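Here is the structure we will look at, set down as structure tokens.
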Amino acid sequence: MIAIRIRNESRELVNIFVSRYPLPGDDGFFCLAFVRNAYLCSIFDRFCAMEILDLYDRDLRLTGQTIERGQRVPPGLMIPIVAVYVYNNQGQYLIQKVAPRKGNYYSTTAGHVQSGEYDFAQAMLRELKEEIGLSATKSELKLVKIRRYDYKFTFLYMLKSNVPAEMLHLQKEEVEAVMWMSHEDIELLCKMGLFNRIHYQLLLDCEERLQNKH
């Protein structure tokens, strides 16, 4: 018998799993009584790794409903996304090359807001730390705009930093490399189909914000 400890914060995942694959267990523990059933164990592993997202209405009000990341968002409902452009004193932007298994293209740092994350700026800081190892504070993040497109609310931020790209610790499952790029470099990648086009539009939003500041 294999016993797997489940933390309290994973209770929602356990409830979903048990509802689909009833198994014996008690409070705080989860027993897989199928020692030879590697397939069932792999299903459980995927459940522990999956992301749960909160659903909002079009006025950005919580509905109390959730979905798993990758599931289709129901009509009329939305999910929040966070994205940031990190820029330096030379007017360059910190761009990441996405890991091959994720598409092998270029983009800025962005991600989904997890269920229970109601502070979107804090969610952005988490993504920065997890994906590229960049630490920052909420006061350093500047909200540029909230862009609504299709079923997503994108909270777009800017962050000024002069950190050397080679000093960052990357989440290799998500990011292959990071580098400072000029607008011209990013535009060229976009024309070549190698840069996320939605993220390029977000870059234009950020540059408009910078121009208005001057």
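Derivation of every value follows stated rules applied to the coordinates shown; laboratory data play no part. Every value quoted in this text rests on a predicted model; they were computed, and no experiment measured them. Please note: Cβ atoms are built from the backbone with ideal geometry, for glycine as well, and neighbour counts cover all protein chains shown.
Packing-based ranking of 60-69, 187-196 yields 187-196, 60-69, ordered from highest to lowest mean Cβ neighbour count within 10 Å. Listed cross-link partners LYS129/LYS191; LYS138/LYS160; LYS129/LYS213; LYS129/LYS160; LYS191/LYS213 are compared with a 22 Å cut-off, the Cα-Cα value being larger for LYS129/LYS191; LYS129/LYS213; LYS191/LYS213.
Please state the relative contact order of segment 79-213 as a whole percent: Cα pairs under 8 Å, 6+ residues apart?
Numbers: 230 pairs, mean separation 44.7, N = 135.
This gives 33 percent for segment 79-213.
Each Lys or Arg adds one and each Asp or Glu takes one away; over the other residues whose Cβ falls under 13 Å from the Cβ of GLU131, this sums to 0.
Only bridges whose two residues both fall in segment 79-213 count here: according to DSSP, what percent of them are antiparallel, nearest 5? Bridges in segment 79-213 are about 65 percent antiparallel.
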